[in-house]
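Just so it is clear, none of the values below were taken in a lab; they were calculated from the coordinates. Values in this document were obtained by computation on a predicted structure and should not be read as measured data. Here the Cβ positions follow ideal geometry from the backbone for every residue, glycine too, while neighbour counts run over all protein chains shown.
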Ligand code: C5P
């Protein structure tokens, strides 16, 4: 049934980044979300309404439709009430100025004032335009309104051949933020909280090219970091080498926040040092990283010739980071671990929670289809030290991340 679908309204502004919004609209529609698109006059210079109508499987609205009632009611009222989440991308300097003033002189800006849902703003413009004091002032102004959620433009080569800030965020980042807003309704319940999150798989090198590692990609840790930032938290993400795929996304997410700081590490000892150093300044610590258990006893700074690799490799244990954090943490801090398991997942996770001094643990199977390492989806059983249990059926890693944050928030605030 069409009305059971989640509903995203998209307002496309006049900038070349409008071409990236096509992918956002297409991905949303393909994932079963109802999408309606408004295309400003200027946006139509870049992408036609027909493109958005085709991708959204609905009609696309232009300013000419403003005076045509929809379902017998003024269009801006109808669209405004329909939307659960409203995306404005690319947000131009002109429309930003109108938002800051509360001006309403076209279908798009009238719909903003006729709606109450959260609005996600993804600006894009030339670096000099973005850096104008008046533009920055307008940007600060809209951010003081809790209705607006924002994705800062990233840095890079712009279509005007300038290198600087002004690139619209990538579609994957916009989509993640939209999904968070659909999940939370825009609540900023982690505002003021500081989270320290580890992600990816550690690598223990034998020489500069060979290492002992694991298949972790860092997607779960990145999803936790994104979900937390979208809910207002300040996040330090300690990203292990094995998370380089998701790490790339995390770096493009550097556009987002001043609220997301990424630290890259390779092995368990470097991760241990980063986690111990940053522990005192954080409220919640989530060890989502797949940390190896052993490392080669000897490291060669030169690449070993094949013949020099011993048939049996002497190994040493690496530090158990989360157990050490469990010893170091203060009573007001919360420590959440992960237990990736094959076979029975709950009993080993419960044993780890107790042995490592955790407040909660996420037990996730790695022998099920479409979940665990590398997948965009996951499933888990959440346990806390009080013995409470919550089962999360397979869902996107971002949704699992929100459910983990809810679980911790409801148990420990
Ligand atoms: O590998 P294992 O299943 O024991 O991991 C359980 C938890 O312990 C995870 O949160 C993982 O990040 C953490 N861990 C760690 N240091 C290790 C091994 C695991 O912090 N050396």
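Could you work out how much longer the chain between residue 161 and residue 189 gets when fully extended? Use 0.36 nm per residue separation minus the Cα distance between them, nm to one decimal. So the extension gain works out to 6.1 nm. In whole percents, the pair-distance distribution calculated for segment 24-182 from its alpha-carbon pairs, binned every 10 Å from zero, is 10, 39, 39, 11, 1. Suppose we keep just the DSSP beta bridges with both residues in segment 7-184; what percent of those would be antiparallel, to 5? Approximately 20 percent, going by the DSSP bridge assignments. With a ≥ b ≥ c taken as the square roots of the eigenvalues of the C-alpha gyration tensor of segment 251-359, please select rounded if a/c is under 1.5 and otherwise prolate if a/b is larger than b/c or oblate if it is not? Because a/c hits 1.5 or more and a/b fails to exceed b/c, segment 251-359 counts as oblate.
Mark the label point 7 Å from the Cα of residue 6 along Cα→Cβ and return the residues of segment 50-66 whose backbone N is within less than 16 Å of it. Flagged as within label range: none. Seen against the Cα atoms of the chain and their longest principal axis, helix 171-184 is set at about 90 degrees. The three principal axes of the C-alpha atoms in the chain carry coordinate ranges of 76, 49, 38 Å, sorted with the longest axis first. Dividing the convex hull volume of the alpha carbon atoms of segment 320-408 by its residue count gives 94 Å³ per residue.
Report note on the peptides 74-82, 118-126: ranked by the mean count of other C-beta atoms within 10 Å, highest first, their order is 118-126, 74-82.
In degrees from 0 to 90, rounded to the nearest 10, what is the angle of the helix 268-278 Cα long axis to the longest principal axis of the chain? For 268-278 against the chain, the angle is about 60 degrees. Entry note, the chain: relative contact order of 11 percent, from Cα contacts under 8 Å with a spacing of 6+ residues. Beta bridges assigned by DSSP with both partners in the chain are antiparallel in approximately 30 percent of cases. Using the Cβ-Cβ distance between residue 258 and residue 370 with R0 = 30 Å, the FRET efficiency computed as 1/(1 + (r/R0)^6) comes to roughly 0.30. Estimated at 0.36 nm per residue, the fully extended path between residue 390 and residue 128 surpasses their Cα-Cα distance by 89.3 nm. When the P(r) of segment 194-412 is calculated, the portion above 29 Å amounts to 23% of the C-alpha pairs.
Just to verify a number: FRET efficiency for residue 140 and residue 276, C-beta to C-beta distance, R0 = 51 Å, to 0.05? Computed FRET efficiency for residue 140 and residue 276 comes out at 0.90. A Gaussian network model of the chain, with springs between Cα atoms under 10 Å, assigns the largest mean-square fluctuation among 386, 141, 44 to 386. Across all directions, the shadow cast by the convex hull of segment 116-196 built on its C-alpha atoms averages 6.6 square nanometres. Straightening the chain between residue 31 and residue 48 buys 3.9 nm, computed as 0.36 nm per residue apart minus the Cα-Cα spacing. Between segment 1-54 and segment 84-114, the C-alpha centres lie 15 angstrom from each other. Relative to the longest principal axis of the Cα atoms of the chain, the long axis of helix 346-355 lies at roughly 70 degrees. Of interest is the spacing of the C-alpha centroids, which for segment 299-325 and segment 130-145 amounts to 51 Å.
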